[in-house]
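Input: a single structure, listed below in structure tokens.
The values are calculated or read from the model by the stated rules, or taken from the named source; none is laboratory data. Keep in mind the model is a prediction, meaning the values are calculated, not measured. FYI the Cβ positions are ideal-geometry reconstructions off the backbone, even for glycines, and counts take in every protein chain you see. Side chains are part of the model used for accessible areas, which takes the heavy atoms of the whole protein and leaves out ligands, DNA and RNA. Shrake-Rupley method; radii C 1.70, N 1.55, O 1.52, S 1.80 Å.
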Amino acid sequence: MKTYSFGTETVPVALAGDLLVGSVHDGKNYKIMLARLDGEEIVETRFLAGENDWEGHSALDLGDNYLIGGAVEGVATPDGGEGWKAYLARLDKSLNPLWELKLNVRNNGAVYSILLSNDGVFIAGETGRPGNKGFFMGKVSKEGELLWLRDFGSWEDAVFTALLPSENGPVAIGSAKEKRWKVRAFEFTKDGEPLGENVLAGGIALNACLWNGKLVLAGYRREDFWLRIGERDVKLGKGSATSLLPAGNKLLVGGELEGKAVVVEILEGEELEVRELWENGWVEVLGMDVVAGVTGDWKMVLLSACQSDKKLRN
């Protein structure tokens, strides 16, 4: 297990091949962290920064280069910040930007999910401010041209969950608050035409995936660590599920439970095993080779899969 700190906060959020993406606060502003990994070792780091705060939220490995998404040129605040531009960039293997796209979506946007298609890239995320929160979805060419953009919804509050594929087109999943929190799915055609909206569950989903033909939601209900696997609800105590990784007949769930960083392993028969990693923090299951998390003092922890397995089974 390796611990790293590049400022007063170092937070990992996404993994694209060997590239770990996140955010670092240097004592003055946030900047996007790009860290190339070799197991638990960080062998190269770059930081993207500019006016005000920059944050990294998503990443995709394209083989010969990377796509990263986030929010830039905004001001971070406890309720989500203001003035953010939704950000998408394509980087070469040396981590140099090939192009950048900054979108002003309702004067406060962030790219939380990236989904590759045959003729471009779908992006989605949050927009707006408390009292008028919503989501957006767009499509960008592989050369960085915005093809279309849809800004939708107006709720008391909202949290974006995930962007998933379907036969007809992309499906955006997010949690919206109207007196109570509900998880909703928004279906679109590949050209951005809305096909419908469905309420999936009560609660706040922070991530979603497809596993063994079932939709899985991960997040929290009230104060409880919460999963929905198909039609089955699982609550494990005070905490939050934040990441999902389908791995064949297993599903790995990362998060925080009763103040501890945990990985929950779910087998095909839906039996659960909770593995505690460290006290006072949370963990993201980002890939088969490494998990990454945060300690209580905002340092970043990297743990290789073989070591995490050994540690968790002891």
_Being of a type outside the set (Gly, Ala, Ser), assigned to a strand (DSSP E or B) and farther than 14 Å from Gly213 by Cα is the filter here; which residues of segment 246-266 pass it?_
Leu252, Val253, Glu256, Leu257, Lys260, Val262, Val263, Val264, Glu265, Ile266
*At least 3 residues that are of a type in the set (A, V, I, L, M) and free of Cβ contacts under 8 Å to residues at least 60 places away in the same chain in each: list the strands (runs of 3 or more DSSP E) lying fully within segment 21-134 that qualify.*
30-38, 65-74, 85-92, 97-103, 109-117
*With (1) in a strand (DSSP E or B); (2) under 24 Å from Ala201 (Cβ atoms) as the list, and Glu270 as the residue in question, which single condition is left unmet?*
(1)
_Residues of segment 138-148 satisfying the condition of being under 20 Å from the mean Cα position of the chain (by Cα) and within 13 Å of Lys102 (Cα to Cα)_ = Gly138, Val140
*Residues located in segment 242-257, provided they are crowded, with 17+ Cβ neighbours inside 10 Å and of a type in the set (S, T, N, Q)*: Thr242, Ser243
*Residues of segment 28-45 satisfying the condition of being at pLDDT 95 or above and either hydroxyl-bearing (Ser, Thr, Tyr) or on the phi > 0 side of the Ramachandran plot (or both)*: Tyr30, Thr45
*Looking at segment 123-138, is at least one residue farther than 18 Å from Ala185 by Cα, among the polar types (S, T, N, Q) and open to solvent by less than 20 Å² (accessible area, probe 1.4 Å)?*
no
*Can you name every residue in segment 282-300 that is within 23 Å of Ala162 (Cα to Cα), open to solvent by less than 60 Å² (accessible area, probe 1.4 Å) and in a strand (DSSP E or B)?*
Val283, Glu284, Val285, Val290, Val291, Ala292, Gly293, Val294
_Tally, over segment 201-241, of residues that are free of Cβ contacts under 8 Å to residues at least 40 places away in the same chain, open to solvent by 50 Å² or more (accessible area, probe 1.4 Å) and not in a strand (DSSP E or B)_ = 4
*asked:* For segment 32-65, which positions are over 26 Å from Arg106 (Cβ atoms), buried (at least 24 other Cβ atoms within 10 Å of the Cβ) and under 16 Å from the mean Cα position of the chain (by Cα)?
replied: Met33
